[in-house]
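Take a look at the structure set out below.
The values are calculated or read from the model by the stated rules, or taken from the named source; none is laboratory data. All values derive from a computational prediction rather than experimental measurement. Don't worry about glycine lacking a Cβ; one is built from the backbone with ideal geometry, like all the others, and counts go over all protein chains shown. Surface accessibility is based on the protein's heavy atoms, side chains included, excluding ligands, DNA and RNA. Shrake-Rupley method; radii C 1.70, N 1.55, O 1.52, S 1.80 Å.
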Amino acid sequence: MSRLPAALLVLVLWTSASGTATTPRVATPAQPGTAEQLGAVVEQARLRFVARDAAGVLAHLADNYRSGGLTKPDVRQQLLALYSLYDELRARVQVNHVELVDGAVWFYTTGEVTGRLPLVGWVTVLSWQREPEVARRQGEVWRLVGFQD
């Protein structure tokens, strides 16, 4: 066997072996009441959002929030951009499912954000179905921490 095919074979075997060595994440049901607690937090954040209160929304994010490449300062900039673009914003968010994964609380939401543009009217800004988020208790308060990617 020449060196190139042998090296490729070793590389393929190594990458496939390293991919199978990863321990799968195990989800377990959340404790009773957790879904209701998170639903209340989501509703508080939704109310702050439609009230155009960026600080109130951001209070629900941990300082080290990071998800999908977005940090807490990035979320702040997005909120301010939305507030400057739309005359009014509406949001509906529903918590679909809550579970524990590796000691963190994962919850899934479905929702829609609409905004009213001058001269145009109401338009859909964002909609999603069963999107995951990660939350942790910080003292007595739930905060979103993101997926920490």
Inset, instruction - Could you please tell me which pairs satisfy a Cβ distance under 7 Å, a separation of 6+ or placement on different chains, a first residue in region 33-56 that is on the phi > 0 side of the Ramachandran plot, and a second residue that is surrounded by 13 or more Cβ atoms within 10 Å (Cβ to Cβ)? - result: 52/83
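Look through 61, 85, 70, 144 and report the one residue that is more than 12 Å from the chain's Cα centre (by Cα) and among the hydrophobic types (A, V, I, L, M, F, W, C).
Selected residue: 85, the only one of 61, 85, 70, 144 that is more than 12 Å from the chain's Cα centre (by Cα) and among the hydrophobic types (A, V, I, L, M, F, W, C).
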Inset, instruction - Please enumerate the residues belonging to region 73-82 that are over 14 Å from the mean Cα position of the chain (by Cα) and either closer than 23 Å to residue 117 by Cα or open to solvent by less than 70 Å² (accessible area, probe 1.4 Å) (or both). - result: 76, 77, 78, 79, 80, 81, 82
Inset, instruction - Consider residue 53 carefully, then state whether it is at pLDDT 95 or above, of a type in the set (Asp, Glu), open to solvent by 70 Å² or more (accessible area, probe 1.4 Å) and more than 27 Å from residue 23 (Cβ to Cβ). - result: no
Legend entry - Residues satisfying the stated conditions in region 57-69, i.e. loosely packed, with under 15 Cβ neighbours inside 10 Å and either in contact with an Asp or Glu (Cβ under 9 Å, 6 or more places away or on another chain) or not polar (S, T, N, Q) (or both): 59, 63, 68, 69
Legend entry - When residues of region 92-108 are limited to those that are part of a strand (DSSP E or B) and touching a Lys or Arg at 6+ places or on another chain (Cβ under 8 Å), the one surrounded by the most Cβ atoms within 10 Å (Cβ to Cβ): 105
Legend entry - Hits in region 109-148 - residues which are acidic (Asp, Glu), touching a residue at least 12 places away in the same chain (Cβ under 8 Å) and either open to solvent by 70 Å² or more (accessible area, probe 1.4 Å) or touching a His at 6+ places or on another chain (Cβ under 7 Å) (or both): 131
